[in-house]
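Below: one structure, written as structure tokens.
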Amino acid sequence: MTSGTDILDAVVIGAGWAGLGVSHALTQRGLRHRVLERGRIGETWRTQRWDSFRINTPNSQTVMPGDTYVGPDPDGAMTSGEFVALLEDYAGRHGLPVETGTPVTDLVASDGLYRLALPHGPVWARNVVIASSNQNCPVRPPFSTLLPPEVQQIDASAYRNASGLDRGAVLVVGSAQSGGQIAEDLVQAGRTVFLATGRVGRLPRMYRGRHISVWLVLTGLMDVTRRELLQQGPIPGRALQGALHTISLQSLSAQGVVLLGRLTGVNDGRLSFSDDAEANVRHADEGSARLRSQIDEYIARNGIDAPSAEPDPAEVIDALLPNPPVRSIDLAARGITTVIWCTGFRGDFGWVRVPNLLDEQGQPLYENWFAGVAGVYFAGLPFVISRRSGTILAIKEEAALLADDIQRRLDS
Ligand SMILES: Cc1cc2nc3c(=O)[nH]c(=O)nc-3n(C[C@H](O)[C@H](O)[C@H](O)COP(=O)(O)OP(=O)(O)OC[C@H]3O[C@@H](n4cnc5c(N)ncnc54)[C@H](O)[C@@H]3O)c2cc1C
């Protein structure tokens, strides 16, 4: 570093809701910082969501720190395009120092500072907020490489619509949010769809007059901490949820989706499945019933004037399950030409060369997300503080927490 080098108070990497929320908090505190984005603002929502995608969080909650929803449809669901516009408007309104088309290709610690390599030269900062997400690199099971080459394989993040796929039947692997919504999108486009299900919860969209996300916040269920969640066992993935209506394995099967158990392997063009499709339906039913009774108790306990529960069409019908259960499938015999992997995400942190931040798989060490390494923070990680973390509902509190700590460091 040469003398007179401009040392920033902080650098934020990534201009999604997490990075912009932190930048807003840093701006409010008058801290000199830059937001470095390799693509455009909201890049992930522009390039990793399918055409019919809608945000699952209702409009009333899809707000950035300092903003309140004042529109006519609080329970409505934004398209990803509308959400990108919201993020761009927010960055513009608050004059956030976002530099798009600026990938950070290396991050190292040096003499108590951090050096970030950019295409047009290094940047130095006292603090770094990594808001590049661990939800934007798709993950496939290792045996995906054993599928016959003629079978088209795409990830949920690359799916756009049915007409973009090869003709023929489709196998969707994974029945959480993405898998359930994509399977419905395909069957409603007239495709033959097979769905490899998993042990995933389900959220009804509305219950007793309110959006389920509103009840999750009111009841405090969104604030169940990471520690409390871990005491119950491994933290489950996000539940199956529909943005415009409830989606259940039952409702998918009623539309013609063939429900299969968990995909366990591939051998010579044949796929093998567990015999747990029925158990997966039951698991989702029990999860939804448990949540509805927790909300009923909350309503009764607080004397809230809420309409009585109405049966949700997607939750009261029986699942149509293959009988006998399908334990293996010959892709060619079933006319399956495409497999869509809805099997989770990780993040790309290959450019992070600061010790004690990443685990052996190159993913954030959760115990170090908050200044575990002095001056480095992660923003936007799922389940890092509570169930709310990793959703837009978390950024207001998280951004303030990070910005206050950065201020404290700078003042010390
Ligand atoms: C299918 C799907 C649906 C979801 N739906 C919802 C929902 O309805 N409501 C909700 O609250 N949450 C939802 N989430 C969870 C979460 O909101 C998203 O994962 C969201 O994208 C996380 O926001 P973020 O700002 O942390 O990350 P991102 O939006 O992914 O932003 C990270 C940014 O960092 C940039 N970047 C990455 N590496 C670098 C680098 N080296 N240099 C510079 N820039 C870099 C990327 O280009 C990207 O723009 C959903 C997630 C998925 C996968």
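The values are calculated or read from the model by the stated rules, or taken from the named source; none is laboratory data. Remember, it's a predicted structure, so these values are computed and weren't measured experimentally. In this analysis, Cβ positions are derived from the backbone assuming ideal geometry, glycine residues included, and neighbour counts consider all displayed protein chains. Note: areas computed on protein heavy atoms with side chains; ligands, DNA, RNA excluded. Shrake-Rupley method; radii C 1.70, N 1.55, O 1.52, S 1.80 Å.
Cβ neighbours within 10 Å, averaged per peptide: list 178-186, 244-252 in order, most packed at the top.
178-186, 244-252
Starting from the Cα of residue 108, step 7 Å along the direction of its Cβ; do the same at residue 218; then give the gap between the two resulting points in nm.
Once both label points are built, they end up 5.5 nm from each other.
For the chain, what's the relative contact order in percent, using C-alpha pairs closer than 8 Å and at least 6 residues apart?
Relative contact order of the chain: 23 percent.
Please report the net charge: other residues with Cβ closer than 12 Å to the Cβ of residue 125, K and R +1, D and E -1.
Charge balance in the 12 Å sphere: +3.
Could you give the length gained by full extension between residue 245 and residue 154, i.e. 0.36 nm per residue of separation minus their alpha carbon distance, to one decimal place?
This chain segment gains 30.2 nm when fully extended.
Can you work out ³J(HN,Hα) from phi for every residue in the stretch 38-55, in order, using Karplus 6.51 cos²θ - 1.76 cosθ + 1.60 and θ = phi - 60°, giving whole Hz and x for Gly and Pro?
5, x, 10, 4, x, 3, 4, 6, 7, 10, 10, 10, 6, 4, 8, 4, 10, 5
Could the peptides 12-25, 74-87 be put in order, highest first, of the mean number of other beta-carbon atoms found within 10 Å of their residues?
Ranked from most to least packed, the peptides come out as 12-25, 74-87.
Compute the accessible area per residue over the chain, keeping the other protein chains in place, probe 1.4 Å, unit Å².
With all protein chains present, the chain gives 44 Å² per residue.
Run the numbers on the stretch 244-324 and let me know its relative contact order in percent, using alpha-carbon pairs under 8 Å that are six or more apart.
45 percent
Go through the stretch 129-136 residue by residue and turn each phi into a ³J(HN,Hα) via Karplus (6.51, -1.76, 1.60, θ = phi - 60°); whole Hz please, and just put x for glycine and proline.
Values per residue, Gly and Pro as x: 10, 8, 10, 9, 6, 10, 10, 9 Hz.
Which order do 45, 341 take when ranked by solvent-accessible area (1.4 Å probe, heavy atoms of all protein chains), largest first?
The most accessible residue leads, giving 45, 341.
Under a 5 Å amide H to amide H cut-off, with H placed in plane at 1.01 Å, what residues pair with residue 358 once short-range neighbours are removed?
365
Mind ranking 215-222, 104-111 by how tightly packed they are, going by the mean number of other C-beta atoms within 10 angstrom, highest first?
Highest to lowest by the protection proxy: 215-222, 104-111.
What's the magnitude of the charge dipole for the chain around its Cα centre, counting Lys and Arg as +1 and Asp and Glu as -1 at the beta-carbon? Answer in Debye, nearest 20.
Charge dipole of the chain: 280 debye, to the nearest 20.
Report, to the nearest whole %, how much of the accessible area of the stretch 141-341 belongs to carbon and sulfur atoms, 1.4 Å probe, protein only.
50 percent
Rounded to a whole number, what % of the accessible area of the stretch 1-111 do carbon and sulfur atoms account for, probe 1.4 Å?
49 percent
Amide H of residue 128: which non-local residues (sequence gap of 5 or more, or other chain) have their own amide H closer than 5 Å, using H built in the peptide plane?
Sorted by chain and number, the residues that satisfy this are 11, 376, 377.
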